[in-house]
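K.L.:
Mind having a look at this structure? Questions to follow.
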Amino acid sequence: MELFERLTRRAKENPRRIVLPEGAETRNITAADHILADGLAEIILLGNIAEIKAKAAELNLTHIDRATILDPTDEKNIDRYAPLFFELRKKKGISMDEARRFTANELYFGCLMVKAGDADGMVSGAIHTTGDVLRAAFQVIKTEPGIDTVSGAFLMLLPENSPYGSNGLMVFADCAVVPDPDARQLAQIAVCSARTAHEVAGIEPRVAILSFSTKGSAKHERVDKVIEATKIAHEMAPDLHLDGELQTDAAIVPVVASLKAPQSDIAGKANVLVFPSLEVGNIAYKLVQRLAGVEAVGPLLQGLAAPVSDLSRGCVADDIYKTIIMTANQAIHD
Ligand code: ACO
């Protein structure tokens with residue numbers, strides 16, 4: 001079954017509450033209307049209520065009245081969430097006045113709703129920068145137990161009949177967040193990516209932590225980092241099918257794997273590729289996307305205690321629609 005067909009069905013069967021902080025923005029409100037029309041999630045729009053209603057009328061959107069609309073600058077709403085923000089950040093020395101100012105910001109307000117259990121996930125970034133969305137999520141939602149590093153994965157939708165991946169899918173990470181992960185962070189990225197592969201892509205993960213060396217073929221401190229990350233990831237998730245350090249060809253091409261890494265149980269058939277740095281991950285996914293014409297879906301933020309998705313500022317309403325579906329799926333725990 002097509003990825004989005006499966007995710008759409010799952011979202012419909014398990015409706016989740018998704019908060020959109022950029023509630024009055026045309027692409028966001030259009031996507032929200034389509035989601036509500038299709039019954040795929042409950043939607044909370046943040047912004048000036050009159051402005052949102054006027055925008056919906058201007059765009060002839062007929063389902064938006066099913067959304068909850070909240071104004072983060074409304075004093076009553078600030079009263080509700082500022083104490084939570086203060087509690088979360090008081091160790092950083094903030095005052096209640098500062099907490100109230102942060103709470104009135106739509107990104108922080110959206111994250112606070114998720115943290116308080118009043119929403120299941122947040123989608124933003126059509127207007128705000130990646131850094132702003134991530135910082136609010138890091139500070140408020142924080143990481144899931146056992147993880148302290150959030151990373152970003154892409155689902156790579158391979159061409160039909162591709163010999164690579166599983167069910168036409170591969171997961172690439174980290175392509176979006178951690179510029180220079182150490183071995184411990186890299187191990188966490190590997191473990192979180194395996195979960196993304198299982199929970200969102202619906203494939204059984206076979207994880208390769210990549211390098212320019214396969215099983216000791218090169219010596220370098222960067223290779224040592226990948227070897228160490230592989231060891232830590234095995235300790236974190238002993239049952240996970242994972243190996244490193246592997247070059248890309250040894251990871252995904254069976255004949256190369258049989259020569260370079262014959263003992264590995266995932267070499268030649270990896271479907272989750274973990275890159276040793278953000279430079280590599282970001283460049284690699286864009287190269288595959290552009291040169292091979294592969295659709296790249298993401299980034300899916302992984303490692304947060306609840307799902308938040310960052311949009312590209314060049315996105316269209318359909319991208320937001322799909323991201324809401326993906327985020328809702330990340331909030332479903334079977
Ligand atoms: N996971 C969890 N928490 C984190 C992470 C992380 N990866 N990174 C930072 N934090 C936390 C810090 O611990 C800190 O928490 P605290 O305030 O409670 O102490 C808080 O977030 C802010 O940390 P800073 O070090 O000040 O982080 P900064 O704001 O400088 O940067 C950011 C964070 C924006 C994510 C940075 O790592 C970054 O810019 N990454 C690259 C993002 C990017 O540009 N990606 C490429 C584009 S996306 C694309 O092409 C798909």
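Nothing in this text is a laboratory measurement; each read-out follows from the coordinates by a stated rule. Source: prediction; values computed, not measured. Please note: Cβ atoms are built from the backbone with ideal geometry, for glycine as well, and neighbour counts cover all protein chains shown.
K.L.:
Rounded, prolate or oblate, given the Cα gyration tensor of the stretch 151-296, with a/c below 1.5 counting as rounded?
P.N.:
rounded
K.L.:
Moving on. To the nearest 10 degrees, how steeply does helix 183-196 sit against the main Cα axis of the chain, on a 0 to 90 scale?
P.N.:
70
K.L.:
In which sequence would Arg206, Arg100 go, from the one with the fewest C-beta neighbours within 10 Å to the one with the most? Please report the intermediate quantities before stating the final value.
P.N.:
Values: Arg206 24, Arg100 17.
With the sparsest Cβ surroundings first, the list reads Arg100, Arg206.
K.L.:
Follow-up question, since we're still on this one. Relative to the longest principal axis of the C-alpha atoms of the chain, give the angle of the C-alpha long axis of helix 49-58, reported between 0 and 90° and rounded to the nearest 10°.
P.N.:
The answer is roughly 80 degrees.
K.L.:
For Glu160 and Glu5, compute 0.36 nm times the residue count separating them, minus their Cα-Cα distance, and round to one decimal in nm.
P.N.:
So the extension gain works out to 54.2 nm.
K.L.:
Once the Cβ-Cβ distance between Gln289 and Glu75 is put in as r, and R0 is 51 Å, what FRET efficiency do you end up with, to the nearest 0.05?
P.N.:
That pair, Gln289 with Glu75, gives E of 0.65.
K.L.:
Of the options Gly110, Ile320, Phe85, report the single residue whose Cα projects farthest towards the positive end of the charge dipole of the chain (beta-carbon charges: Lys, Arg +1; Asp, Glu -1).
P.N.:
Phe85
K.L.:
Let me ask you something else. Angle, helix 106-115 long axis vs. longest principal axis of the chain, Cα atoms, 0 to 90°, nearest 10?
P.N.:
The two axes meet at around 70 degrees.
K.L.:
Report, in debye and to the nearest 20, how large the dipole of the chain comes out about its Cα centre when Lys and Arg carry +1 and Asp and Glu carry -1 on their Cβ.
P.N.:
Dipole about the Cα centre, nearest 20: 400 debye.
K.L.:
I would also like to ask the following. Hey, if you put +1 on the Cβ of every Lys and Arg and -1 on every Asp and Glu Cβ in the chain, which of Ser258, Ala119, Thr68 ends up farthest toward the positive end of that dipole?
P.N.:
Selected residue: Ser258.
K.L.:
How high is the relative contact order of the stretch 151-296? Use alpha-carbon pairs under 8 Å, at least six apart in sequence, and give a whole percent.
P.N.:
It comes to 33 percent, rounded to a whole number.
K.L.:
Amide H neighbours of Val177 under 5 Å, at least 5 residues apart or on other chains, H built in the peptide plane: list them.
P.N.:
Gly152
K.L.:
Which residues' amide hydrogens lie under 5 Å from the amide hydrogen of Thr143, considering only partners 5 or more residues apart or on another chain, with H built in the peptide plane?
P.N.:
Ala305
K.L.:
While we're looking at this one, here's another question. Amide H to amide H, which residues 5 or more places from Gly244 or on other chains are under 5 Å from it, using H placed in the peptide plane?
P.N.:
Residues meeting the amide H criterion: Ile209.
K.L.:
I would also like to ask the following. In what sequence, highest mean first, do 35-44, 159-168 appear when ranked by Cβ atoms within 10 angstrom?
P.N.:
35-44, 159-168
K.L.:
Expressed as a whole number of Å, what is the distance separating the alpha-carbon centroids of the stretch 19-55 and the stretch 63-99?
P.N.:
19
K.L.:
How big is the Cα convex hull of the stretch 241-334 in projection, averaged over all directions, in nm²?
P.N.:
8.0
K.L.:
What is the dipole size for the stretch 151-296, taken about its Cα centre, with +1 at each Lys and Arg Cβ and -1 at each Asp and Glu Cβ, in debye to the nearest 20?
P.N.:
Dipole size: approximately 240 debye.
K.L.:
Among Val133, Ala187, Val223, pick out the residue whose Cα is farthest towards the positive end of the charge dipole of the chain, where Lys and Arg carry +1 and Asp and Glu carry -1 on C-beta, about the Cα centre.
P.N.:
Selected residue: Val223.
K.L.:
Of the DSSP beta bridges with both residues in the chain, give the percent that are antiparallel, rounding to the nearest 5. Don't skip to the end; give the middle numbers.
P.N.:
Details: 14 of 36 bridges.
Just about 40 percent of them are antiparallel.
K.L.:
A further question follows. So how many Lys-Lys pairs in the stretch 183-288 land under 19 Å Cα to Cα, not counting same-chain pairs under 8 apart?
P.N.:
Details: Lys215/Lys225; Lys215/Lys231; Lys215/Lys260; Lys215/Lys269; Lys219/Lys231; Lys219/Lys260; Lys260/Lys269.
Number of lysine pairs found: 7.
K.L.:
Moving on to the next point. Rounded to the nearest 500, what is the 222 nm mean residue ellipticity of the chain from helices alone, with -39500 (n - 2.57) per DSSP H run of 4+ residues and division by all residues?
P.N.:
On the way: 13 runs with 148 residues, N = 334.
After summing the helix terms and dividing by the residues of the chain, the value is -13500 deg cm²/dmol.
K.L.:
Moving on to the next point. Which peptide among 309-322, 181-194 comes first, and what is the full order, when sorted by highest mean count of other Cβ atoms within 10 Å?
P.N.:
181-194, 309-322
K.L.:
For a protection proxy built on the mean count of beta-carbon atoms within 10 angstrom, sort 232-245, 63-76 highest first, please.
P.N.:
Numbers: 232-245: 19.2, 63-76: 16.6.
Sorting 232-245, 63-76 by mean packing, highest first, produces 232-245, 63-76.
K.L.:
Could you pull out every one of the lysines with an alpha carbon less than 16 Å from that of Lys322, ignoring same-chain neighbours closer than 8 positions?
P.N.:
Reachable lysines: Lys12.
K.L.:
Right, another one. Report the Stokes-Einstein translational diffusion coefficient (µm² s⁻¹, integer) for the chain, Rh taken as the Kirkwood radius over Cα pairs, at 25 °C with viscosity 0.890 mPa s.
P.N.:
119
K.L.:
About the Cα centre of the stretch 51-91, how large is the charge dipole given +1 on each Lys and Arg Cβ and -1 on each Asp and Glu Cβ? Please answer in debye to the nearest 20.
P.N.:
280
K.L.:
Among rounded, prolate and oblate, which fits the stretch 43-156 when a ≥ b ≥ c are the square roots of the eigenvalues of its C-alpha gyration tensor, a/c under 1.5 means rounded, and a/b larger than b/c means prolate?
P.N.:
It comes out oblate by the Cα gyration axes.
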